[in-house]
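Asker: First the structure, which I've put down as structure tokens, then a few questions once you've had a look.
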Amino acid sequence: MSDWNAPTGPPVDDTAPPGTTPLNRKQRRAALQHNDWNNRGRTDPEARARRSASAEPRSSSGRLGSDDLATGHTSARRLALDVLRRIEHDGAYANLVLGPALTASNLTDQDRRFATELVYGSTRMRRACDAVVDRFVNQPPDDETRSILRLGAYQLAFAGVPAHAAVSETVELSPGKTRGFVNAVLRRVADNPIESMTWPSEASRLSYPNWMFDRLTTELGTDAVDAMERMNAAPSVTARSDGYVQDASSQWVAAAVVGGPGERVLDVCAAPGGKATAIAVDGATVIAADMRHRRAMLVSENAAKLDLELPVLTADATAPPFRSARFDAVLVDAPCSGLGALRRRPDARWRIEASDISELADLQRRLLAATAPLVRIGGRLVYSVCTITAEESIDHPTPLGFEIDDTEPAVGVWRRFGHGWRVLPQDADTDGMVLIRYRRTS
């Protein structure tokens, strides 16, 4: 039997509550592995992530600022660690903080791709990385050390990085006082592959919060694990014939609008403009709207890149500034929980709360009620969400004066889902999406 002792890590306050007996080393390790303290990962930025938009550091472009990030990086791992700390500790959005950091770096293209993989992969697999590490510690490390261990564990357990490089290069990122601890833990991770690991739970193995794992399991049944595993991988890149990069499932939604020459189509939640521009390419006259001016301008920019004349306005779709029956088709690509697109938004799984789904469902119902009157009699109302829950899709009532169009969409790989259609991430290597089409009858 080895005489190796698990390192204890930097000091933390593990004082037992009054009237209780402090845990011994074995009990602490068991608690780390089997309790729900790391349901979201050790550092939960929930409170900070939910700050108001005005409290976030922003540049003149409206993006999250990167002033706290060092510039001129020459190490992909150092850049990744700096970005991960912003995401995990400050609640920064992964896509908004990584881009400026890469731009300001001196990394080669290959190292930029590696840094991106480290940031997005470590973020997706945060909970699983914690479980991998917690087999070999007796008390939770401080937040800064936790970020380093996650980065090392991701390389060893999920990214296929050779052990000597993953351990030595990650240890070099550690300050002197924790370097020995990080080295000892990562060497144990390297010597004990996850194939022989007993996971605390299936939710931990798949790296999802408990509530989300339970919800997806309830919604999808036997398809749930395949969907969650697929959303742990990086998304594929697909481009339309005009060069615009857009997930295939979003292209299928645009095709389901069937906007042709001479028709007037309204896209009420249009940003960043992928669906609106796809419909316009087919010859329809498209008007795009979004309630946030900056995002509405993004639609204009993308339309201009494609040399499309596409009117764009800033408008609240719950109170649209249009007269009734003015459009042949209205697309409501509604704000949603995004549970079908988690592969594309690596930090979303750690931000979304179970209560958000009900709040979003209420907004979606109001969007449908407000936009349905804009469709002419005989016209089409198309509803889509990049989630897979019934509460955010088929549970919505059919708008007054409409009937369901349940014919199979001509484009895409769809499963029938109630009176709508659904694609799961594993069906065709796309985001998960639900599509419902209504026809106005009176």
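Read the figures in this text as sums done on the coordinates, not as results from a lab. Note that this is a predicted model, so its numbers are computed, not measured. Here Cβ is always computed from backbone atoms with ideal geometry, including for glycine, and neighbour counts include all displayed protein chains.
Asker: Which part of region 238-280 falls in the paramagnetic zone of E301, meaning amide N under 12 Å from the point 7 Å along Cα-to-beta-carbon?
Answerer: 272-273
Asker: Which net charge results for the neighbourhood of D267, defined as the other residues with beta-carbon distances under 10 angstrom from its beta-carbon, given Lys and Arg at +1 and Asp and Glu at -1?
Answerer: Surrounding charge for D267 is -1.
Asker: Among R365, R437, what is the fewest-to-most ranking by other Cβ atoms within 10 Å?
Answerer: R365, R437
Asker: Less than 11 Å Cβ to Cβ from A361, Lys/Arg counted +1 and Asp/Glu -1: what total charge do the surrounding residues give?
Answerer: Result for the local shell: -4.
Asker: Using the Karplus curve 6.51 cos²θ - 1.76 cosθ + 1.60 with θ = phi - 60°, work out ³J(HN,Hα) for each residue of region 267-283 in order, rounded to whole Hz, and write x for Gly and Pro.
Answerer: Karplus values, whole Hz, x for Gly and Pro: 10, 8, 10, 7, 4, x, x, x, 6, 4, 5, 5, 5, 5, 4, 6, x.
Asker: Now for a different question. Would you calculate the separation in nanometres between label points at I404 and A239, each defined as 7 Å from the Cα along the Cα-to-beta-carbon direction?
Answerer: Each label point is offset 7 Å from its Cα along the Cβ direction, giving 3.9 nm.
Asker: With a 10 Å Cβ neighbour count serving as the proxy for reagent exposure, in which order, fewest first, do V281, V133 appear?
Answerer: With the fewest neighbours first, V281, V133 line up as V281, V133.
Asker: Please give the residues of region 137-179, grouped as numeric ranges, whose backbone N is less than 11 Å from a label point set 7 Å along the Cα-to-Cβ vector of N192.
Answerer: Under 11 Å, as judged by backbone N against the label point of N192, lie 137-138 of region 137-179.
Asker: Let me ask you something else. Which of rounded, prolate or oblate describes region 316-442 when judged by the alpha-carbon gyration tensor and an a/c cut-off of 1.5?
Answerer: Cα axes put region 316-442 in the oblate bin.
Asker: Still on this structure, I have one more. Pull up the DSSP beta bridges for region 248-440 and report the antiparallel fraction as a percent, rounded to 5.
Answerer: Roughly 50 percent of the DSSP beta bridges within region 248-440 come out antiparallel.
Asker: Find how many whole Å separate the alpha carbon centroid of region 125-179 from the alpha carbon centroid of region 234-277.
Answerer: For region 234-277 versus region 125-179, the Cα centre distance is 41 Å.
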